[in-house]
Amino acid sequence: NHVDNLDGPVVFRALPRSHRNRLAIAQAADFMHDHRTVAFGARLCFAAFNFARQAPFLPSLEYTAKLVDQGWNIAMFPEGKIARTSRLRPFKSGIGLLAVELGVPIVPVKTNGLYGTLHASWPKKRSNVTITIGAPVVFDHKTSYDQATRKLEAIMRAL
(Lines give C-alpha, C1' and ligand atoms only; values in the text may rest on other atoms or scores of the structure.)
Protein backbone atom coordinates (compact mmCIF):
# COMPACT_ATOMS: atom_id res chain seq x y z
CA ASN A 1 0.00 0.00 0.00
CA HIS A 2 1.26 3.44 -0.86
CA VAL A 3 0.26 6.18 1.56
CA ASP A 4 3.42 8.25 1.94
CA ASN A 5 6.79 9.00 0.36
CA LEU A 6 8.31 7.28 3.39
CA ASP A 7 6.77 3.91 2.46
CA GLY A 8 9.88 2.76 0.60
CA PRO A 9 12.41 3.66 3.31
CA VAL A 10 10.19 2.20 6.07
CA VAL A 11 9.73 -1.09 4.21
CA PHE A 12 13.45 -1.12 3.42
CA ARG A 13 14.34 -0.80 7.10
CA ALA A 14 11.77 -3.40 8.19
CA LEU A 15 13.14 -6.16 5.97
CA PRO A 16 15.93 -8.49 7.07
CA ARG A 17 19.39 -7.33 6.02
CA SER A 18 19.75 -10.37 3.75
CA HIS A 19 16.79 -9.10 1.69
CA ARG A 20 17.48 -5.40 1.72
CA ASN A 21 21.11 -5.77 0.61
CA ARG A 22 19.75 -6.56 -2.87
CA LEU A 23 16.57 -4.45 -2.71
CA ALA A 24 15.70 -1.87 -5.35
CA ILE A 25 12.68 0.39 -4.95
CA ALA A 26 10.59 1.34 -7.98
CA GLN A 27 9.88 5.07 -7.90
CA ALA A 28 7.58 7.04 -10.17
CA ALA A 29 9.71 8.37 -13.03
CA ASP A 30 7.86 11.69 -13.08
CA PHE A 31 8.45 12.16 -9.33
CA MET A 32 12.14 11.33 -9.72
CA HIS A 33 12.40 13.86 -12.56
CA ASP A 34 10.59 16.62 -10.66
CA HIS A 35 12.45 16.10 -7.35
CA ARG A 36 16.04 15.56 -8.35
CA THR A 37 17.57 15.99 -4.88
CA VAL A 38 15.17 13.46 -3.36
CA ALA A 39 15.77 11.19 -6.36
CA PHE A 40 19.53 11.33 -5.82
CA GLY A 41 19.12 10.35 -2.16
CA ALA A 42 16.66 7.58 -3.02
CA ARG A 43 19.02 6.15 -5.63
CA LEU A 44 22.00 6.37 -3.29
CA CYS A 45 20.36 4.96 -0.16
CA PHE A 46 17.65 2.65 -1.51
CA ALA A 47 18.77 1.69 -5.04
CA ALA A 48 15.64 3.45 -6.32
CA PHE A 49 14.99 3.34 -10.04
CA ASN A 50 12.59 5.11 -12.37
CA PHE A 51 9.35 3.32 -13.16
CA ALA A 52 6.96 4.93 -15.65
CA ARG A 53 3.39 5.69 -14.58
CA GLN A 54 2.46 6.73 -18.12
CA ALA A 55 3.24 5.19 -21.49
CA PRO A 56 5.70 4.01 -22.61
CA PHE A 57 5.73 1.34 -19.86
CA LEU A 58 7.78 -1.34 -21.62
CA PRO A 59 11.25 0.07 -20.74
CA SER A 60 10.31 0.13 -17.03
CA LEU A 61 8.93 -3.41 -17.15
CA GLU A 62 12.04 -4.65 -19.00
CA TYR A 63 14.39 -2.94 -16.54
CA THR A 64 12.52 -4.46 -13.60
CA ALA A 65 12.81 -7.90 -15.21
CA LYS A 66 16.55 -7.33 -15.75
CA LEU A 67 17.02 -6.47 -12.06
CA VAL A 68 15.13 -9.61 -11.01
CA ASP A 69 17.27 -11.71 -13.38
CA GLN A 70 20.35 -10.23 -11.68
CA GLY A 71 19.09 -11.37 -8.26
CA TRP A 72 17.55 -8.15 -6.97
CA ASN A 73 14.44 -7.96 -4.82
CA ILE A 74 12.04 -5.25 -5.98
CA ALA A 75 9.80 -3.10 -3.80
CA MET A 76 6.92 -1.82 -5.88
CA PHE A 77 3.75 0.09 -5.13
CA PRO A 78 1.14 -1.35 -7.53
CA GLU A 79 -1.39 1.40 -6.81
CA GLY A 80 0.59 3.74 -9.05
CA LYS A 81 0.40 6.76 -6.77
CA ILE A 82 0.02 7.78 -3.16
CA ALA A 83 -3.46 7.30 -1.74
CA ARG A 84 -5.30 10.41 -0.56
CA THR A 85 -6.72 8.37 2.33
CA SER A 86 -5.40 5.41 4.28
CA ARG A 87 -7.46 3.09 2.02
CA LEU A 88 -5.84 0.89 -0.58
CA ARG A 89 -6.24 2.18 -4.14
CA PRO A 90 -6.99 -0.16 -7.07
CA PHE A 91 -3.89 -1.90 -8.41
CA LYS A 92 -2.47 -1.18 -11.86
CA SER A 93 -2.25 -4.18 -14.18
CA GLY A 94 1.54 -4.00 -14.52
CA ILE A 95 1.95 -5.86 -11.24
CA GLY A 96 -0.03 -8.79 -12.63
CA LEU A 97 2.05 -8.81 -15.78
CA LEU A 98 5.31 -8.82 -13.80
CA ALA A 99 4.06 -11.46 -11.36
CA VAL A 100 3.03 -13.86 -14.14
CA GLU A 101 5.88 -13.25 -16.57
CA LEU A 102 8.72 -13.24 -14.05
CA GLY A 103 7.40 -16.26 -12.15
CA VAL A 104 9.06 -15.16 -8.93
CA PRO A 105 7.43 -15.09 -5.49
CA ILE A 106 5.52 -11.89 -4.81
CA VAL A 107 5.61 -10.98 -1.12
CA PRO A 108 2.83 -8.61 -0.04
CA VAL A 109 3.96 -5.99 2.46
CA LYS A 110 1.55 -3.62 4.17
CA THR A 111 2.39 -0.53 6.21
CA ASN A 112 -0.07 0.70 8.79
CA GLY A 113 0.24 4.03 10.58
CA LEU A 114 2.24 5.99 8.01
CA TYR A 115 -0.70 7.84 6.47
CA GLY A 116 -0.37 11.58 7.10
CA THR A 117 3.29 11.48 8.09
CA LEU A 118 4.35 13.71 5.21
CA HIS A 119 1.22 14.14 3.10
CA ALA A 120 -1.03 16.13 5.41
CA SER A 121 -1.84 19.74 6.20
CA TRP A 122 0.13 19.29 9.41
CA PRO A 123 2.60 16.42 9.02
CA LYS A 124 2.96 14.16 12.03
CA LYS A 125 6.14 14.41 14.07
CA ARG A 126 5.94 10.71 14.90
CA SER A 127 4.09 7.71 13.59
CA ASN A 128 3.56 4.32 15.17
CA VAL A 129 4.06 2.11 12.17
CA THR A 130 3.51 -1.61 11.85
CA ILE A 131 4.64 -3.68 8.90
CA THR A 132 2.73 -6.82 7.95
CA ILE A 133 4.47 -9.26 5.64
CA GLY A 134 2.21 -11.76 3.91
CA ALA A 135 2.95 -15.19 2.52
CA PRO A 136 4.75 -15.31 -0.84
CA VAL A 137 2.52 -15.89 -3.87
CA VAL A 138 3.66 -17.43 -7.16
CA PHE A 139 1.54 -17.33 -10.29
CA ASP A 140 1.42 -19.94 -13.03
CA HIS A 141 2.22 -18.68 -16.54
CA LYS A 142 -1.34 -19.61 -17.53
CA THR A 143 -2.76 -17.04 -15.11
CA SER A 144 -4.13 -13.92 -16.79
CA TYR A 145 -2.51 -10.62 -15.85
CA ASP A 146 -5.86 -9.25 -14.67
CA GLN A 147 -6.49 -12.32 -12.53
CA ALA A 148 -3.05 -12.00 -10.90
CA THR A 149 -3.59 -8.27 -10.30
CA ARG A 150 -7.00 -8.88 -8.68
CA LYS A 151 -5.63 -11.68 -6.49
CA LEU A 152 -2.72 -9.55 -5.27
CA GLU A 153 -5.06 -6.66 -4.51
CA ALA A 154 -7.39 -9.01 -2.58
CA ILE A 155 -4.45 -10.36 -0.59
CA MET A 156 -3.37 -6.83 0.32
CA ARG A 157 -6.89 -5.87 1.37
CA ALA A 158 -6.99 -8.92 3.66
CA LEU A 159 -3.65 -8.15 5.38
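The values are calculated or read from the model by the stated rules, or taken from the named source; none is laboratory data. Because the structure is predicted, anything quoted here is derived from the model rather than measured. FYI the Cβ positions are ideal-geometry reconstructions off the backbone, even for glycines, and counts take in every protein chain you see. We work out accessible area using only protein heavy atoms, side chains counted, and drop any ligands, DNA or RNA first. Shrake-Rupley method; radii C 1.70, N 1.55, O 1.52, S 1.80 Å.
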With +1 on each Lys and Arg Cβ and -1 on each Asp and Glu Cβ, and nothing else charged, work out how big the dipole of the chain is about its Cα centre, in Debye to the nearest 20.
580 debye
Linear extension gain, Gln54 paired with Arg17, 0.36 nm per residue minus alpha-carbon span:
10.1 nm
When the chain is modelled as a GNM with alpha-carbon springs shorter than 10 Å, which of Ser93, Ser60, Ser18 fluctuates the most?
Ser18
Taking 0.36 nm per intervening residue step and subtracting the Cα-Cα distance, what contour gain separates Ser144 from Ala158 on full extension?
2.9 nm
At 1.4 Å probe size, with the rest of the protein present, what percent of the exposed accessible area of the chain is carbon and sulfur atoms?
55 percent
Considering Cα pairs under 8 angstrom that are at least six residues apart, work out the relative contact order of region 12-79 and quote it in whole percent.
40 percent
Please report, in Å, the Rg and the Dmax of the chain, where both are computed over Cα atoms only.
15.1, 47
Please grab the % of Cα pairs in region 8-88 that end up more than 20 Å from each other.
34 percent
